[in-house]
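Enquirer: Have a look at the structure that comes next, please.
Just so you know, all these numbers are worked out from the coordinates, no wet-lab data involved. Model, not experiment: these values are computed from the prediction. No Cβ is skipped: glycine too gets one built from the backbone with ideal geometry, and neighbour counts run over all protein chains shown.
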Amino acid sequence: MRFVALRACVMGFIMVSVASILPPTPLVLAEEGTQGFGGIEAGKWVLGMRAGFAPVTQTISEVPGFRTSTDVGSLVNFQAMYSLNKWLLAGMMLEWERHAVDQERPFRDLGHQDTVSVLPTVEVRPVRFGPIIPYANMSFGVNVNSFGENTGNQISPSNTFAWRLGWGADYMLTKQFALNTEMAYKRNDGHATVNGFRDNDWNASSFGFLFGAKLFF
């Protein structure tokens, strides 16, 4: 029992000594600036270039006799944002996406759909953890859709209303340069004209996974 009591006293003495040497955690965070409200300075421009991939959220067309299958598409995104204060930014995104489209039965390579999305965007950066800055953004705009045919079929998808919701993080390597990763859902639901007939269930909505870099100045 005496050994147990002695060991407890020694451990307690060590813990008290360590606690007395280290400053309180909130003070360390405040001094080093590793955590705080707001993830950016006011009046900053942010330019981003990212690339990645985008699986669609469902079958593009489920019309009987014209059911399609779609590959994981390519995705490129450009971004220009301006910080209005320490946590809110506004700006614009331009995004390009391509998906190969096949008819399932009978199997035919129909071609590929291209989508260029013009997206006015707002972004919130509520907090910063050292070099890591998490954020979320929302965009409303237009999807400009086109189709490149590989067969004799004539396919013309409509332009659609675009709604995009994204979330991601920047890893600041310097004050002006950061690595970035982002995931986003984008709505692209409309209709298409296929060989003169209207397909009202043409939906190319997708999840996007982006990786790239940003400049701050």
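Enquirer: In nm, give the distance between the simple-model label positions of T59 and F37, each being 7 Å from the Cα along the Cα-to-Cβ direction.
Expert: Using points 7 Å along Cα→Cβ, the separation is 5.1 nm.
Enquirer: Can I ask one more? In segment 47-113, what chymotrypsin sites (Phe, Trp or Tyr not before Pro) fall in a loop by DSSP, with at most 16 other Cβ atoms inside 10 Å? Write down the numbers at each step before the final one.
Expert: Numbers: sites: F53, F66, F78, Y82, W87, W96, F107; in loops: F66, W87, F107.
Passing both the DSSP loop test and the Cβ count: F107.
Enquirer: Next question, about the same structure. Modelling each spin label as a point 7 Å along the Cα-to-Cβ direction, I'd like the R108/S146 distance in nm, to one decimal.
Expert: 2.3
Enquirer: Sort 149-159, 177-187 by the packing proxy (mean of other Cβ within 10 Å over each peptide's residues), most packed first. Before the final figure, lay out the partial values.
Expert: Details: 149-159: 14.7, 177-187: 18.3.
Peptide ranking by packing, descending: 177-187, 149-159.
Enquirer: Could I ask something else about it? Give the lysines whose C-alpha is closer than 18 Å to that of K214, dropping any in the same chain fewer than 8 places away, or say none.
Expert: K44, K86, K175
Enquirer: Oh, and also: Roughly how big is segment 37-216's charge dipole about its Cα centre, with Cβ charges of +1 (Lys, Arg) and -1 (Asp, Glu), in debye to the nearest 20? The partial results should precede the final answer.
Expert: Working: 15 positive and 16 negative charges, 146 e Å.
My answer is approximately 700 debye.
Enquirer: Using +1 at the Cβ of each Lys and Arg and -1 at the Cβ of each Asp and Glu in segment 37-216, identify which of M93, A204, P64 lies farthest towards the dipole's positive end.
Expert: M93
Enquirer: Enter the Cα centre distance for the pair segment 51-96 and segment 171-206, rounded to the nearest angstrom.
Expert: Between the Cα centres of segment 51-96 and segment 171-206 lies a distance of 2 Å.
Enquirer: Using label points projected 7 Å from each Cα along Cα→Cβ, tell me how many nm separate F197 and W167, to one decimal.
Expert: 4.2
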